[in-house]
Amino acid sequence: MDNQAVFEEVKRLVASKPGAESLLAAVVNLLHRERPHFHWVGIYKLQGEELVLGPYVGKPTQHTRIPLHQGICGAAASAGQTIVVDDVNRDPRYLACSLETRSEIVVPLRQGAQVWGEIDIDSDQPAAFTAQDRELLESVAELVGSEL
Ligand code: SME
């Protein structure tokens, strides 16, 4: 599916009003299925000063709760901005989940100006995330973020 088709599918999922957890799980599954270089796809939700792992696809991670001041996940949520890391081993903020991971993108989920969570994606390929991937993920995050 091209980006447009993936986005249309997310719109259909949102319109079917499945409930928050099912919608997030369906979006995570869709992204993982449609983009083979997205090896781990998950949602973190902000609870107080911590990001708490929600639905995900990929290997289980020890990082089920991440304080806002830690990790690439914490940095993206604190700044309210997408972070793309082409080589996780060169980023001192990086919290390792899997030894195979080489690159990562984190896209905040917002309701208005308020960050309530994020989409976190790891790839086993270095510099895996293209400008088109970022564009798709930011549109999906904008739609899903404002719906929940
Ligand atoms: N790598 C993330 C931690 C979450 S795992 O990728 C699933 C980080 O540095 O915040």
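Restricting Asp122, Asp87, Asp133 to those that are in contact with a His (Cβ under 9 Å, 6 or more places away or on another chain), more than 9 Å from the ligand (Cβ to nearest atom) and charged (D, E, K, R) reduces the list to Asp133.
Criterion first (under 28 Å from Asp2 (Cα atoms), in contact with a strand residue (DSSP E or B) (Cβ under 9 Å, 6 or more places away or on another chain) and within 9 Å of the ligand (Cβ to nearest atom)) does Trp116 satisfy it? Judged against the criteria, Trp116 is not a match. Of all residues in the range 51-65, those satisfying the criterion of being under 16 Å from Tyr94 (Cα atoms) and surrounded by fewer than 21 Cβ atoms within 10 Å (Cβ to Cβ) are Thr61, Gln62, His63, Thr64, Arg65. Before we move on, is His32 modelled with pLDDT of 95 or more, within 11 Å of the ligand (Cβ to nearest atom) and surrounded by 13 or more Cβ atoms within 10 Å (Cβ to Cβ)? The answer is no for His32. Residue count for the range 99-148 under the criterion of being surrounded by fewer than 19 Cβ atoms within 10 Å (Cβ to Cβ), free of Cβ contacts under 8 Å to residues at least 40 places away in the same chain and part of a strand (DSSP E or B): the result is 3. Among the residues making up the range 47-70, those that are within 19 Å of Leu148 (Cβ to Cβ) and either near the ligand (Cβ under 10 Å from one of its atoms) or within 13 Å of the chain's Cα centre (by Cα) (or both) are Leu51, Val52, Leu53, Gly54, Pro55, Tyr56, Val57. Counting only residues that are modelled with pLDDT of 95 or more and farther than 19 Å from Ala131 by Cβ, which one in the range 97-110 is nearest to the ligand (Cβ to nearest atom)? In this case the residue turns out to be Thr101.
In this entry, Gln4 is excluded by the filter for residues that are surrounded by 13 or more Cβ atoms within 10 Å (Cβ to Cβ) and over 13 Å from the mean Cα position of the chain (by Cα).
The values are calculated or read from the model by the stated rules, or taken from the named source; none is laboratory data. Computed from a predicted structure; not experimentally measured. Counting neighbours? That spans all protein chains shown, and the Cβs are built from the backbone with ideal geometry, glycine included.
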